[in-house]
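*Asks:* Structure provided below as structure tokens; questions to follow.
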Amino acid sequence: MDSIFRSDRDPEPLSGDTVEVLARAEIDAWKAQNYKDMDGLKAAMTKVFMLLYGVEEEVAEEAASWLAIAAIEHDKAEEVEDAGEDSTAEWNGVRDTLSEMYEVLVSGMNAMGFIDLSDDLSVSQLAGQVATHDAKRWRVHHIRNYDSLMEEMAQMYVLLFGVEYEDAYKLMKYVVSALRWHDLAEETGVAREIASYNQEGLFSIEQHCWNICIQNYKLHYAELANLLTLYSRNKNL
């Protein structure tokens, strides 16, 4: 199955099947992280990384392992922050682990010819820049600052995909919509775990929320794929 990251040699629209698989894998990863299923998280994100960044499976697996570590550190950072304590060190740890993850991904993308590094920007420097935005994205989502989340994710896409900020920012409306439903699914899941009644009804609501997340990410990735195709075609003109 083709990755969402199109090469100059094959600037054709991405198939709907790939977008479907990618969106479902993304939401599977969210669900796994919510339920502390690190094996499930790594499996889902391995698929996401292969399809989203076009890297080889072993590269995607290594990156997913780093992400699982970052997810554990992320939960600790949120706990410290929620306790009203200074969580700077914990969030810096999340950023540093994400930097390791992105160094693996950027190296893999570079090897596949999917990213162009300038002479004054190394793999580790680019990885560090993306990781900084990604860690901020995680942190502002925790406090439900969706405007800042859109900005951080748009900056990540600029760095990784080489698109203009305005184009990247437009794609984030689907991400924010998905995250709002994610938050409701998470709250419903917690309620279901502690409720002694209406288990079936709460489960149905939770599943409905996750399904809407998938639909939003299908739209997000379909538009990203179309955007990358447009950029690739314009580059070839």
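We did not get these values from a lab; they are worked out from the coordinates using the rules stated. The structure displayed is predicted, hence computed values, not measured ones. Here Cβ is always computed from backbone atoms with ideal geometry, including for glycine, and neighbour counts include all displayed protein chains.
*Asks:* Mind checking the dipole of the chain: about its Cα centre, +1 per Lys or Arg Cβ, -1 per Asp or Glu Cβ, Debye to the nearest 20?
*Replies:* So the magnitude is around 720 debye.
*Asks:* Going through region 28-102, which trypsin sites (Lys or Arg not before Pro) have at most 12 other Cβ atoms within 10 Å and a DSSP loop state?
*Replies:* The qualifying sites are K36.
*Asks:* Kindly flag which residue pairs out of K31/K76; K136/K173; K31/K218; K31/K170; K47/K218; K36/K76 have an alpha-carbon separation exceeding 20 Å in this structure.
*Replies:* Check vs 20 Å cut-off fails for K31/K170.
*Asks:* Who wins for biggest fluctuation among A89, A77, A23 in a Gaussian network model of the chain, springs between alpha carbons below 10 Å?
*Replies:* A89
*Asks:* Per residue, what volume in Å³ does the convex hull of the Cα atoms of the chain enclose?
*Replies:* 120 Å³
*Asks:* Further, regarding this structure: Rounding to the nearest 10 and keeping the result within 0 to 90°, find how far the Cα-based axis of helix 38-53 lies from the longest principal axis of the chain.
*Replies:* It is inclined by approximately 30 degrees.
*Asks:* Compute the length gained on full extension between A89 and Q215: take 0.36 nm times their separation in residues and subtract their Cα-Cα distance, giving the result in nm to one decimal.
*Replies:* Extending this stretch completely gives an extra 41.8 nm.
*Asks:* Still on this model: Which values of log₁₀ I(q)/I(0), to two decimal places, follow from the Debye formula for region 45-163 at q = 0.23 Å⁻¹ with a uniform point scatterer at every Cα?
*Replies:* -1.34
*Asks:* Kindly write out, for region 215-224 in residue order, the coupling ³J(HN,Hα) from the Karplus curve 6.51 cos²θ - 1.76 cosθ + 1.60 (θ = phi - 60°), rounded to whole Hz, with x marking Gly and Pro.
*Replies:* Once rounded to whole Hz, the list reads 4, 5, 6, 4, 5, 4, 6, 5, 6, 5.
*Asks:* Find how much the distance from K76 to K173 grows on full extension, using 0.36 nm per residue of separation minus their present alpha carbon separation; answer in nm with one decimal.
*Replies:* That works out to 32.1 nm of additional length.
*Asks:* Rounded to the nearest 10 degrees, what's the angle between the helix 123-142 long axis and the longest principal axis of the chain, both from Cα atoms, 0 to 90?
*Replies:* Between helix and principal axis, roughly 30 degrees.
*Asks:* Quick check for you: which residues of region 68-110 have the amide N under 16 Å from the point 7 Å beyond the Cα of I143 toward its beta carbon?
*Replies:* Correct set: 77-92.
*Asks:* Which residues in region 100-114 have a backbone N closer than 18 Å to a point placed 7 Å from the Cα of E56 along the Cα-to-Cβ line?
*Replies:* Hits in region 100-114 for E56 at 18 Å: 102-114.
*Asks:* With a cap of 13 neighbouring Cβ atoms within 10 Å, and only residues DSSP puts in a loop, list the GluC sites (Glu not before Pro) found in region 75-131.
*Replies:* E85
*Asks:* Using a Gaussian network model of the chain with C-alpha springs under 10 Å, which one of L171, L184, L98 is most mobile by mean-square fluctuation?
*Replies:* Of the options given, L184 has the highest mean-square fluctuation.
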